[in-house]
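The values are calculated or read from the model by the stated rules, or taken from the named source; none is laboratory data. All values derive from a computational prediction rather than experimental measurement. Cβ: placed from backbone, ideal geometry, glycine included. Neighbour counts: every protein chain shown.
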Amino acid sequence: MAPERQGEGIGSRLLAAIEEWLREQGSAALLLETAPGARGFYERHGYRIDERLIDYYREGLDAFRMVKMVKPVEDRGAPAVLPSW
Ligand SMILES: CC(C)(COP(=O)(O)OP(=O)(O)OC[C@H]1O[C@@H](n2cnc3c(N)ncnc32)[C@H](O)[C@@H]1OP(=O)(O)O)[C@@H](O)C(=O)NCCC(=O)NCCS
């Protein structure tokens, strides 16, 4: 997000729209990778850390793989194949 537009709620609205689209497509979860600077943003939106990716961007700059179930358990129907992560 351009620095002068951060904090206006645009990122939250984009994320909510993506989650809604995924629900409509039948996806159960959203998995993403983010730099440390945006970790708090995703945690506020219900994402949890699945894995820390050491030196992902470059030496000394890790990434976080984060995940959120976007579909309630009762809506998921038949047992899903467990993802590898
Ligand atoms: C992180 C980012 C994508 C969020 O987009 P945004 O449009 O600024 O976010 P919003 O305005 O929707 O913020 C929603 C809430 O999250 C909070 N928030 C935003 N960025 C945050 C962060 N890095 N850590 C913790 N909280 C954060 C806001 O304070 C706001 O809280 P509120 O609802 O209580 O007021 C954007 O701020 C950004 O690009 N930041 C810097 C660069 C960066 O880290 N990019 C990600 C690289 S993968």
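Of the residues making up region 10-42, those that are within 11 Å of the ligand (Cβ to nearest atom) and either loosely packed, with under 14 Cβ neighbours inside 10 Å or modelled with pLDDT under 95 (or both) number 10. Based on this model, can you work out whether TYR47 counts as closer than 19 Å to GLY26 by Cα and either at pLDDT below 95 or not aliphatic (A, V, I, L, M) (or both)? The answer is yes for TYR47.
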